[in-house]
1. Only one residue in Y42, Y4 is within 15 Å of the chain's Cα centre (by Cα), of a type in the set (F, W, Y) and surrounded by fewer than 17 Cβ atoms within 10 Å (Cβ to Cβ), so which one is that?
2. Please indicate, with yes or no, whether at least one residue in segment 47-67 is among the hydroxyl-bearing types (S, T, Y), at pLDDT below 95 and in contact with a helix residue (DSSP H, G or I) (Cβ under 8 Å, 6 or more places away or on another chain).
3. Does I55 fit the bill of being β-branched (V, I, T) and in a loop (DSSP other than H, G, I, E, B)?
4. What residue, among those in segment 7-39 that are of a type outside the set (G, A, S) and outside any helix (DSSP H, G or I), is farthest from the chain's Cα centre (by Cα)?
5. Of all residues in segment 45-59, which are surrounded by 13 or more Cβ atoms within 10 Å (Cβ to Cβ) and either over 17 Å from D17 (Cα atoms) or of a type in the set (A, V, I, L, M) (or both)?
6. What are the pairs, 6+ residues apart or on separate chains, where a residue within segment 1-13 that is at positive phi and modelled with pLDDT of 95 or more has its Cβ under 8 Å from a residue that is assigned to a helix (DSSP H, G or I) and of a type in the set (A, V, I, L, M)?
7. Collect the residues in segment 17-35 that are farther than 20 Å from K64 by Cα and surrounded by 15 or more Cβ atoms within 10 Å (Cβ to Cβ), keeping them in residue-number order.
8. What about L69, is it in contact with a Ser or Thr (Cβ under 7 Å, 6 or more places away or on another chain), surrounded by 13 or more Cβ atoms within 10 Å (Cβ to Cβ), without any contact (Cβ under 8 Å) to a residue 60 or more places away in the chain and part of a helix (DSSP H, G or I)?
Amino acid sequence: MNSYDIEKIVRWAVDSDLQQFSEDAYGITGSAFDRMNQGDDYLSGKFQHMQANFISWVAGLSDKNRGRLARSITFKNEE
């Protein structure tokens with residue numbers, strides 16, 4: 001890991017909105033996102049946890065979700 005990798009992690013955490021967060025970290029997209037985002041605090045609670053305590057939130061991710069997030073951050077906007 002180098003400073004570029006750290007910058008990508010920070011940029012993702014700062015720039016992601018709830019929909020991007022849900023897709024990158026949990027694989028929730030499209031109509032599944034729409035259904036979960038209506039009256040369900042699960043996603044917004046996870047998003048707030050990520051914003052308030054990133055290390056704690058990442059530590060709580062399953063291996064599958066952590067891998068998905070790593071791939072999303074690593075390969076997003078590759079030029």
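The values are calculated or read from the model by the stated rules, or taken from the named source; none is laboratory data. A quick note: this is a predicted structure, and the numbers were derived from the prediction, not measured. For neighbour counting, all protein chains shown are included, and Cβ atoms are generated from backbone atoms with ideal geometry for every residue, glycine included.
1. Working: Y4 fails: within 15 Å of the chain's Cα centre (by Cα).
Criteria check complete, one pass: Y42.
2. No; the residues of segment 47-67 include none that is among the hydroxyl-bearing types (S, T, Y), at pLDDT below 95 and in contact with a helix residue (DSSP H, G or I) (Cβ under 8 Å, 6 or more places away or on another chain).
3. Details: β-branched (V, I, T): yes; in a loop (DSSP other than H, G, I, E, B): no.
Taking the combined requirement at face value, the residue does not satisfy it.
4. Q38
5. M50, V58
6. From residues that are at positive phi and modelled with pLDDT of 95 or more, there are no pairs.
7. If the condition is that a residue be farther than 20 Å from K64 by Cα and surrounded by 15 or more Cβ atoms within 10 Å (Cβ to Cβ), then no residue fits.
8. In short, no.
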